[in-house]
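The block underneath contains the structure these notes are about, expressed in structure tokens.
The values are calculated or read from the model by the stated rules, or taken from the named source; none is laboratory data. The structure presented is a predicted model; accordingly, all values stated were derived computationally and were not measured. Cβ placement follows ideal geometry from the backbone for every residue including glycine, while neighbour counts extend to all protein chains displayed.
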Amino acid sequence: MPLTLLAEQALNGLQLGLMLFLLAAGLTLVFGIMDMINLAHGTLYMIGAYLAATVAEASGSFVAAIAAAVVGTAVIGMALELTVLRPLYRRSHLHQVLATFALILIANELVRIIWGAQPIALNMPAALSGPVELAPGLRYPAYRLVVIGVGLAAALLLYVVVVHTRVGMWLRAGASDREMASAMGVNTAWLFTAAFGAGAALCAVAGALLGPLLAVQVGMGENILILAFVVIVIGGIGSVRGALVGALLVGILDTVGRTALPALFRALASPEVASEAGPALASMLIYVLMAGVLCFRPRGLFPARG
Amino acid sequence: MTAPPGLQVDGLRKRFGGVSALDDASLAVKPGELHALIGPNGAGKTTLIQLVSGAERADAGRIVLDGAVIDGLPMHRRVALGLARSFQISSVFPAFTVLENVALAIQARSRARCAVWRPVAGQAALFEPARRVLDVVGLGARSDIAAGALSHGERRRLEIGLTVATGARLLLLDEPLAGLGPDESARVVALLRTFKGQAGILLVEHDMDAVFQLADRISVLVHGRVIASGVPQAIRAHPEVRRAYLGESTA
Amino acid sequence: MASTLHIGLRPLPTLVLVASLVLLPVVLTAVDQPFYIVLASRVLIYALIASSLNLLIGYGGMVSLGHACFVGAGAYTTAVLVHAGIGSAWLAWPAAALAGAVLAAMIGAVSLRTRGVYFIMITLAFAQMAYYVVVSLRALGGDDGLVLPRRTGYGFGLDPHADMTFYYAVLGVVVLLMAGLRRLLNAPLGRALQAIRDNDVRMEAIGFPVFRIQLAGFVIAGATAGLGGGLLADLNQQVSPSLLHWTQSGTLMVMVILGGAGRFLGGVLGAAVLLLAQELFSDVTTHTALGIGLVLLAVVLFAPAGLAGLWRQVAR
Amino acid sequence: MTKKASLLAGIALLALASTADAADKIKVGFMSTLSGPGAALGVDIRDGFELVAKGEGGKLGGLTADISIADDQQSPDTGRQVVERFTKRDRVDVITGMVFSNVLLPVMPAILASGTVYISPNTGPEDYAAEKCDPNFFVVSWQNEDTASAMGQVMNDRSLKNVYLIAPNYPGGRETLNGFKRTYKGAIAGEVYTRLGQLDYAAEIATLRAARPDAVFFFLPGGMGTNFIKQYVSAGAQQDARLYTPGYSADEDTIKSVGEPMVGILNTAQWAHDLDNPANRKFVADFQKAYGRLPTMYAQQGYDAAQLIAAAVRDTGGRIEDKAAFRQALHAARFDSPRGRFRFNTNNYPIQDYYLREVVKDGAGRITNKTIGKVYTDYADPFAARCKMK
């Protein structure tokens, strides 16, 4: 593999990983702090993308679209938290799975009723729609570079908030021991709503940013939700650092697997076997990684709770 | 070399992260003896129970039960060999009745413990011995209510009953008096006295009056190390113990 | 003996239930509505599959989000056997159960090392792997699945393609297995599973091999689901990867929780209500999912013990 | 448990409520993918189909049309259930509507076993084109390889010598690439099968560009195609190797959701909304009036499925109870298809023309398909020869 291609694939893996991180960070916070399985997290991502597409269409401004999506989705997320999810915190994971599964069904139908069954358009700003030359022979889509930048910025921001601020201290305390957090006098109800809103906002950032690269359609949340779950389980539920490491691992492994495995099989096996086994194994790779991690570290790479 | 009968603990070490919880702890419990383990908070008493019962693995050291090394065995295998523990915080089956709780412990050592056909209900072989255990711990009259509905004191006694019902020859009791009022405490002390001579007991307890009333021998654990072992009078007189521990706690 | 754990059978309602299930196809044939015989067969099969998941979730405390892969294993086993010319249900159905059991043993051996959310996710991961294996293998028809040229036969001159005959075969299997499941739950192993659900640490401390018992429960549930998959392959005369899709695992879980996890007939009730609701809704609207979603949400918020629990609440 | 009993009573009542057949109407079972990510296609087929009945005041060929619409949720298991309902409870005369071959193939044996006619408004699988061709199975759209093989021809004509192929790893994907390779004569720079439902194609696009092909032929239905095109164009790869695809990945629905990046994509289809014939002008105008959007291939196919039924009903004088006559009328039906000339081959698959379309920005700034040539005239699929049906 030539060096430029290798560099390009590394960037691709990084970019996929960072996007997964945006989704996984919110999920892992909600999970860690509230001990809540939220299958509807992907739904917030979908709502973010739809809001962004609608505002972009109406205003013509991509920045306005992202801002509106972030605010709108955070509000919807907090409203959801206050009405439906709050009564579920003390219930078993089973009930949380069922209720949020129901939310997926409802949200998908509502989106279909409001926006129709056809995918809708969300385009990147024209200025970013081409490639840039990073090095001789290495052209990379400008938009994906922006996505990488935003992903890194979000990761950095989260790191600063979680590690260096009072809110972050509460979050960490909440993730490791909820009783202790409330004993410390933290208003957990407010903290939960805010954390949920923040998670929803991160979803919206991911949805709005990925919209120009992916189809904005009903059901777009579920595919990516499963990936986000894989990420946080690998990283250790409740750990933002784990989510980052897990996301990058998944992003890079998936990218490497998709390019290297079929090539490897072509070199080793008959074309018949290769064209079948290569893609099959590549599809499974991240699940194999997750099962492997859990086999040796049943609580993920960075368990948040002792 | 054949080890003497009873429980031998040799040179146990355990670290959590950078902190040493047990550092070369050794002690021996003879068959039928009530052996108390005392020490200040954080001395490593519960860690020792965890390691001996098999809930956690030691970093180094040896645990021998009646001549057989049991270090590597999972907890349920150690129970089968005759070593059972109780928990500092009562750990029962709240949805099961009191009688069913104890019957479970009997079931654990019956040959048909995982049978799939004959209903449990009506199996006298499980419930008769369970009733006898309940009579011993004084819960005979409460056998048909759900364990979740018991008072704290009753639950402490069920906790002991569950441990006894395993039929173990050596019991590890982790603070059986924790949180009990004087009346309930006296009941449990009387109960423990009836076990003396029938089963070896390693008793972790903070109630010094109870310890000195009951124990045949006492070991003192400080900073993860057993600093003294002997009959109660000897321990009471032991200068190091007085300095390290009793001096503060009897004040 | 006072026990809330023993699953008793009141003779009269049981008799009424079984008798009405036996009479159902006769009545439906009399009113010339054979379609509902097929629907009833489907409900029975899903009742069995949901009950096997109820054994895991409700009685064993093992919240598996990968149960569909055992159904798929059984279904594909049956389909492959039929394609290989082995067309007897007496062979194909036990083989389907065996396939479910073997897969469950492998997945359980790894997954049961984890607890809680991690268990939910690792079972999902394994099911996803199984899904991608099936989608990718051309020998299994890939995304198109496999069509069974005929149903597996029972001998004795019976025609499995007659809706009524097939219904009775399914009914026989389901009643037999539900009876077996009841015995299992009342037997020492069933007790041990429920006790582990409530307090696994204590079970280990009184001498039960917790891991092995959970694995046994997992394998039994996998075998039952595999058998259900075999029946499903026969019913539809086709198998496809959608049987193994994660939303299918989710739907099975919905059935269990909707009906009442840890209630003996919870799985049966959940499967019946969900499938019949889908059938009713789909006649009037294509926004079926909206209705189902709202109903589910209402159940979780207002009847957390499921419909079986609600029934008890109302009856009181 | 008494709850169960009342449920059963409910079912019995429901059964009694359905009425017996009336001879003065035609019952159509329309099952399509109407929810989930594949719903866009199913909805277009349905809208096209209903347009015909609406135009006739709720009738098809003079008979009152009783159309039951059901959602297969893109699952063969659900599809099978619907088919049982159509054939055993509603006893419909015709079934139609399915989008995806992975739903159609598993349920088709049950439909054919019941003796019900099926009219496929979309997928035309190889299975029923050759030896297994069936007098009750009609395809009003195309054989699955047709548009791809037309594109192979286009690439030969354009002297493209080194083409890169990409499709999802499922039977439909392989079938389409086979169709392409059947006619394409040049070298293959690479052939990649991706995960079904894949989101990110950055890695594949990078590998693809490194292979330096003259052109790329891709078949990625639904959202996969949208993702691929958006990412391909933003990588600037369209300048190096142009995108070619069967019409389904470059139709008005995809254009609407992708927008600007679609411009320049070449695709082949049996129909285009700018074909100049009266039937097409009426169809496109009626569709836009009724639904406020441009029709797609799917809409046209659904429209023709309904037109086909209407023509056969008309030709039999409404006597559709005579199944043999009805089948015969369907096979021989003459109707004004928006695509122009259309007739059935011996295997009940179409003989029709194929066009080359290019996505352009038209004078009004609207991005849409423009027909730029005809590839095939009276094209018949290569499997018909193996069909023994006369």
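Structure notes:
- Of all residues in region D:261-293, those satisfying the criterion of being touching a strand residue (DSSP E or B) at 6+ places or on another chain (Cβ under 7 Å) and in a helix (DSSP H, G or I) are D:Met262, D:Ala279.
- Residue check for A:Asn108: at the interface with chain C (Cβ under 8 Å from one of its Cβ atoms), in contact (Cβ under 8 Å) with a residue 60 or more places away in the chain and either more than 21 Å from C:Val117 (Cα to Cα) or not in a helix (DSSP H, G or I) (or both): yes
- Between D:Gly115, D:Gly79, the distinction of being crowded, with 24+ Cβ neighbours inside 10 Å, small (Gly, Ala, Ser) and at pLDDT below 95 belongs to D:Gly79 only.
- Residue within region D:181-188 that is aliphatic (A, V, I, L, M), away from chain C (no Cβ under 14 Å), surrounded by fewer than 22 Cβ atoms within 10 Å (Cβ to Cβ) and more than 30 Å from D:Thr377 (Cβ to Cβ) present: no
- Residue list for region A:249-267, filter: closer than 19 Å to C:Val133 by Cβ and surrounded by fewer than 17 Cβ atoms within 10 Å (Cβ to Cβ): A:Leu264
- Those residues of region D:205-226 which are out of contact with any helix residue (DSSP H, G or I) (no Cβ under 6 Å at 6 or more places or on another chain) and within 7 Å of chain A (Cβ to nearest Cβ), in sequence order: D:Gly223
- Counting only helices (runs of 4 or more DSSP H) wholly contained in region A:214-306, the ones carrying 1 or more residues that are more than 14 Å from chain C (Cβ to nearest Cβ) occupy A:220-235, A:240-268.
- Cβ-Cβ under 7 Å pairs, at least 6 apart or on other chains, region B:139-167 side at positive phi, far side of a type outside the set (Val, Ile, Thr): B:Gly167/B:Arg109
- For region D:253-288, taking the residues that are touching a Ser or Thr at 6+ places or on another chain (Cβ under 8 Å) and of a type in the set (Val, Ile, Thr), the one that is surrounded by the fewest Cβ atoms within 10 Å (Cβ to Cβ) is identified as D:Ile255.
- Being in contact with a helix residue (DSSP H, G or I) (Cβ under 9 Å, 6 or more places away or on another chain) and modelled with pLDDT of 95 or more is a property that D:Gln300 has.
- Any pair with Cβ under 6 angstrom, 6 or more apart, that starts in region D:156-170 at a residue that is under 20 Å from D:Leu199 (Cβ atoms) and ends at one that is of a type in the set (Asp, Glu) and at pLDDT below 95: D:Tyr170/C:Asp143
- Residue selected from region B:73-111 under the condition hydroxyl-bearing (Ser, Thr, Tyr) and more than 7 Å from chain C (Cβ to nearest Cβ), by the criterion nearest to the chain's Cα centre (by Cα): B:Ser86
- Listed by position, the helices (runs of 4 or more DSSP H) contained in region C:226-316 that have at least 1 residues being within 30 Å of C:Gly142 (Cα to Cα) are C:246-259, C:266-284, C:288-302.
The rows are residues; the columns are (1) surrounded by fewer than 24 Cβ atoms within 10 Å (Cβ to Cβ); (2) over 30 Å from D:Pro109 (Cα atoms); (3) touching a residue at least 40 places away in the same chain (Cβ under 8 Å); (4) within 11 Å of chain A (Cβ to nearest Cβ).
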position	(1), (2), (3), (4)
C:Val256	no, yes, yes, yes
C:Gly262	yes, yes, yes, yes
C:Gly266	no, yes, yes, no
C:Val299	no, yes, yes, yes
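- Residue within region D:63-74 that is in a loop (DSSP other than H, G, I, E, B) and surrounded by fewer than 24 Cβ atoms within 10 Å (Cβ to Cβ) present: no
- Subset of region D:331-366 (residues that are aliphatic (A, V, I, L, M), more than 20 Å from D:Pro121 (Cβ to Cβ), touching a residue at least 12 places away in the same chain (Cβ under 8 Å) and surrounded by fewer than 18 Cβ atoms within 10 Å (Cβ to Cβ)): D:Val360
- Every pair of residues 6+ apart whose Cβ atoms lie under 6 Å, when the first sits in region C:17-46 and is facing chain D (nearest Cβ under 10 Å) while the second is basic (Lys, Arg): C:Leu17/D:Lys4; C:Pro34/D:Lys88; C:Phe35/D:Arg85; C:Phe35/D:Lys88; C:Phe35/D:Arg89
- Checking the stated criteria, A:Arg91 turns out not to satisfy the condition of being farther than 25 Å from A:Ala195 by Cα, facing chain C (nearest Cβ under 10 Å) and of a type outside the set (A, V, I, L, M, F, W, C).
- Restricting region D:27-58 to residues that are away from chain A (no Cβ under 11 Å) and free of Cβ contacts under 8 Å to residues at least 40 places away in the same chain, the residue that is surrounded by the fewest Cβ atoms within 10 Å (Cβ to Cβ) is D:Gly57.
Let's see how each residue does on (1) over 17 Å from A:Phe21 (Cβ atoms); (2) among the acidic types (Asp, Glu); (3) modelled with pLDDT of 80 or more:
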position: A:Gly151; (1), (2), (3): no, no, yes
position: A:Leu156; (1), (2), (3): no, no, yes
position: A:Val160; (1), (2), (3): no, no, yes
position: A:His164; (1), (2), (3): yes, no, yes
position: A:Ala173; (1), (2), (3): yes, no, no
position: A:Ala181; (1), (2), (3): yes, no, no
position: A:Val186; (1), (2), (3): yes, no, no
position: A:Gly197; (1), (2), (3): yes, no, yes
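- Every residue from region A:114-132 that is among the aliphatic types (A, V, I, L, M) and within 7 Å of another protein chain (Cβ to nearest Cβ): A:Ala117, A:Ile120, A:Ala121, A:Met124
- Flag if C:Ala40 is within 27 Å of C:Leu148 (Cα to Cα) and surrounded by fewer than 24 Cβ atoms within 10 Å (Cβ to Cβ): yes
- When C:Asp143, C:Asp198 are checked against the criterion of being within 14 Å of chain A (Cβ to nearest Cβ) and over 30 Å from D:Pro109 (Cβ atoms), a single residue qualifies: C:Asp198.
- A:Leu122 vs. criteria hydrophobic (A, V, I, L, M, F, W, C), farther than 18 Å from D:Tyr232 by Cα and within 21 Å of the chain's Cα centre (by Cα): no
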